[in-house]
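Working notes, beginning with the structure itself.
The values are calculated or read from the model by the stated rules, or taken from the named source; none is laboratory data. Here the structure is a predicted model, which is why all the values come from computation and not from measurement. Cβ coordinates were reconstructed from backbone atoms using ideal geometry, including for glycine residues, and neighbour counts include every protein chain displayed.
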Amino acid sequence: MNPADELRTAAAALRQARFPAAMTATASTAALIGARLPLADWLDATAATLDANTHPGWQETVAPHPLAVARAINGTP
């Protein structure tokens, strides 16, 4: 899987996540839940930029921070 695809996979996971206990969440947990959609948008936008402007072999070098976030979400190294 190339880096742009990793970003898209993480964005999809964020959009599909469900939080049944959100009604009783603490303020900090509620803020994290609320941040998932803007974060997914950021990951998708970064993936689109990488696809448009970067060879797949260089994508990891160009976007290390978004990839770190995506890999944490995807549970991959």
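Descriptive notes on the structure:
- Scanning the stretch 10-41 for residues that are surrounded by fewer than 16 Cβ atoms within 10 Å (Cβ to Cβ), closer than 24 Å to Pro77 by Cα and not basic (Lys, Arg) yields Ala12, Gln16, Ala17, Leu32, Ile33, Ala35, Leu37, Pro38, Asp41.
- The stretch 1-32 - residue that is farther than 26 Å from His65 by Cβ and β-branched (Val, Ile, Thr) and, of those, farthest from the chain's Cα centre (by Cα): Thr24
One line per residue, one yes/no per condition, for (1) modelled with pLDDT of 95 or more; (2) under 15 Å from Asn2 (Cα atoms):
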position	(1), (2)
Arg18	no, no
Thr26	no, no
Ile33	no, no
Leu43	yes, yes
Asn53	no, yes
Val62	no, yes
Ile73	yes, no
